[in-house]
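Please treat every number below as a calculation from the coordinates, not as lab data. Not measured: the values here are computed from a predicted model. Glycine also receives a Cβ, built like all others from the backbone with ideal geometry; neighbour counts cover every protein chain displayed.
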Amino acid sequence: MRNANKEKTLFFIPSIVIAEALSVFEKKRVSFDFKKLFKKINESENFVLIALDYPILQKMVDLKDVPELHDKIILSTARYLDVPIITRDRTLQNLPYIKTVW
């Protein structure tokens, strides 16, 4: 987060990403201060939390080749905002209609 704040790069974070992380950390009983993370995101000019809403749901209807719900939400958010996604997932990297970074 420190480098992004200095560079003025804007990162959009689909809310499902935070929800997934919260779920994984709880299941594995890993201690992480999500309230502190939320505060940093809220105070940052570089990070924007994107809610799952109607326009993103509309984009999801067209993603027939992405079976996993969380990936579908992330891709729909990126397509709605017309931005690339940051991922190491080879399946997502190979989709022709989305640009990936990593």
Of the residues Asp82, Asp71, Asp33, which exhibits the maximal mean-square fluctuation in a Gaussian network model of the chain defined by a 10 Å Cα contact cut-off?
Asp33
About its Cα centre, the chain carries a charge dipole, from +1 on Lys and Arg Cβ atoms and -1 on Asp and Glu Cβ atoms, whose size in debye to the nearest 20 is 400 debye
With 0.36 nm assigned to each residue of separation and the Cα-Cα distance removed, Lys39 to Asp65 gains 5.8 nm
Helix 15-27 against the longest principal axis of the chain: what's the angle in degrees, Cα atoms only, rounded to the nearest 10?
60 degrees
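Set the Förster radius R0 to 35 Å, insert the Cβ-Cβ distance between Glu26 and Asn46 as r into 1/(1 + (r/R0)^6), and round the FRET efficiency to 0.05.
It comes to 0.85.
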Only helices counted: for the chain, with every DSSP H run of 4 or more residues adding -39500 (n - 2.57) and the sum spread over all residues, [θ] at 222 nm is -14500 deg cm²/dmol
Placed amide H near Phe11: partners under 5 Å, 5+ positions off or other chain:
Phe47, Val48
Scanning the chain for trypsin sites (Lys or Arg not before Pro) in DSSP loops with at most 15 other Cβ atoms within 10 Å, what's the longest stretch left with none?
30-63
Nearest 10 degrees is fine. How inclined is helix 34-43 to the longest principal axis of the chain, computing both from alpha carbons?
80 degrees
HN-Hα couplings for segment 84-95 via Karplus (6.51, -1.76, 1.60; θ = phi - 60°), in whole Hz with x for Gly/Pro, come out as x, 10, 9, 7, 9, 5, 4, 4, 6, 5, 8, 6
The simple spin-label model distance between Lys8 and Asp53, using points 7 Å out along Cα→Cβ, in nm, is 2.6 nm
For Ser44, what residues show an amide H to amide H distance below 5 Å, using hydrogens built from the backbone and excluding near sequence neighbours?
none
Can you return the lysines within cross-link range of Lys40? Criterion is Cα-Cα under 30 Å, with same-chain partners fewer than 8 residues away left out.
Lys6, Lys8, Lys27, Lys28, Lys59, Lys72, Lys99
